[in-house]
Amino acid sequence: MEIDAKKILIILQGSVGDVVRAIPLANLLREAYPKARIAWAIEAAAFPLIEGHPAIDQPIVFDRKRWWRTLPPFLRRIREEKFDLVLDLQRILKSGLVSWWSGAAVRVGFHRSEAKEGNWIFNNHRIAAAGQSVSKLEHYLKFADYLGVPTRPIRWQLSLAPAEERRVDQLLGGRSGRFAAYFVGSRWESKLWFPAETAACADEIERRYGLAAVLLGSAADAEFARRVAGAASGPTVNLVGETSLREAVGVLRRARVAVGPDTGLMHVAAAVGTPVVSLWGATSPERTGPYGFQDLVVRGKAPCAPCYLRRCPIGRACMRSIDIAEIVAKVGKALRLNPVNHGSMAL
């Protein structure tokens with residue numbers, strides 16, 4: 001399907017990981033529609049990822065924490081923009097309602113079998129079913145396919161302002177390029193690894209490869225990180241709860257390698273080109289693994305894995321089974337992929 005769109009709306013108000021994986025689609029739309037005005041309806045938590053991004057002319061931010069106050073002006077702005085084309089990448093009820101409310105003549109969503117909560121009712125065009133084995137990033141690119149837009153190259157173009165780069169310098173204290181980043185948190189308890197094992201892994205990687213440990217995560221992960229830092233014997237910089245999302249982008253870009261479970265920062269690391277050794281148990285890397293680094297996946301073993309449960313009733317047996325030696329070997333492989341740090345380049 002080809003459409004001469006002058007105003008395009010992307011709807012994806014979801015998690016950091018989802019937004020990261022949709023940015024390549026936004027770049028492809030910018031190339032295909034160089035004169036169009038491209039907007040993105042997004043929530044505040046992930047907004048920093050597209051703030052100032054060259055593919056996005058107009059972020060439309062919804063503050064979910066104060067939804068009773070922010071919803072009316074948000075919807076009013078969506079309607080007033082008079083979009084020609086809407087791409088509903090979220091496939092749930094609320095995104096479908098936003099798509100329908102826009103009044104756009106062409107509203108593209110997921111196939112009925114892959115939409116949720118009746119989302120498909122609100123969109124008048126739908127991409128073909130892709131199945132659960134396709135990665136989320138490739139699934140988003142099916143929207144480009146539907147519009148007749150080439151689906152390559154895959155680019156993120158995540159870059160920081162000079163002041164932000166200087167702040168990253170300060171946070172790292174001169175360690176740029178000589179450290180491994182560990183993203184330690186997750187919104188799902190079932191995805192978490194363990195503080196003692198994380199510390200032991202960091203110590204072995206420092207002993208084997210000379211890489212100090214830099215811990216990243218949100219304020220909610222502070223206790224986990226404190227326990228890691230307390231158990232580690234090697235040099236450790238605890239930045240958990242100390243960085244903005246954009247500063248975390250800069251830290252991950254300067255790391256030689258990143259290690260951790262299925263979470264948003266895993267996808268950020270992959271987007272800036274840092275090799276990611278990812279740890280899996282409750283979820284599957286086939287659908288949500290870091291783009292380009294499937295060969296660095298480490299899977300926990302348990303009869304019930306992947307279970308897709310947010311909380312584990314048996315003590316995270318799958319994550320408990322993860323072997324530190326396997327992670328260390330994968331880090332060695334990653335370092336051969338990334339022999340020098342890539343500084344502040346925008347990917």
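The table below lists the values:
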{"quantity": "Length released on extending from C307 to S321, taking residue separation times 0.36 nm less the Cα-Cα span", "calculated": "3.5 nm"}
{"quantity": "GNM top mover of T236, T283, T70 - the chain, alpha-carbon springs below 10 Å", "calculated": "T70"}
{"quantity": "Area accessible to solvent at S95, 1.4 Å probe radius, in Å²", "calculated": "0 Å²"}
{"quantity": "Sequence of K116, K136 from largest to smallest accessible area, 1.4 Å probe", "calculated": "K116, K136"}
{"quantity": "Dipole of the chain [Lys/Arg +1, Asp/Glu -1 at C-beta], most positive-end residue of F47, M319, F183", "calculated": "F47"}
{"quantity": "By accessible area with a 1.4 Å probe, ligands and nucleic acids excluded, highest first: order of R253, R152", "calculated": "R152, R253"}
{"quantity": "Rounded percent of accessible protein surface that carbon and sulfur make up, the chain, 1.4 Å probe", "calculated": "54 percent"}
{"quantity": "The range 1-116: C-alpha gyration tensor shape, a/c 1.5 cut-off, then a/b vs b/c", "calculated": "rounded"}
{"quantity": "Three-way shape label, the range 166-234, alpha-carbon gyration tensor, a/c 1.5", "calculated": "oblate"}
{"quantity": "Expected 222 nm ellipticity per residue - DSSP helices of 4 or more, -39500 (n - 2.57), all of the chain, to 500", "calculated": "-11000 deg cm²/dmol"}
{"quantity": "Nitroxide proxy distance, nm - points 7 Å out along Cα→Cβ at R178 and M1", "calculated": "5.5 nm"}
{"quantity": "FRET efficiency for A32 and L337, using Cβ-Cβ distance with R0 set to 41 Å, rounded to 0.05", "calculated": "0.85"}
{"quantity": "Positive-end residue of T288, G131, H111, charge dipole of the chain with Cβ unit charges", "calculated": "H111"}
{"quantity": "Gaussian network model of the chain, springs between alpha carbon atoms under 10 Å - residue of A220, A202, A229 with greatest fluctuation", "calculated": "A220"}
{"quantity": "The chain: radius of gyration and largest Cα-Cα distance (Dmax), Å", "calculated": "20.4, 60"}
{"quantity": "In nm, spacing of pseudo-spin labels at Q132 and S244 (7 Å Cα→C-beta vector)", "calculated": "3.9 nm"}
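The values are calculated or read from the model by the stated rules, or taken from the named source; none is laboratory data. All of these numbers come straight from a predicted model, not from anything done at the bench. FYI the Cβ positions are ideal-geometry reconstructions off the backbone, even for glycines, and counts take in every protein chain you see. Just so you know, the surface numbers come from the protein's heavy atoms only, side chains and all, with ligands and any DNA or RNA stripped out. Shrake-Rupley method; radii C 1.70, N 1.55, O 1.52, S 1.80 Å.
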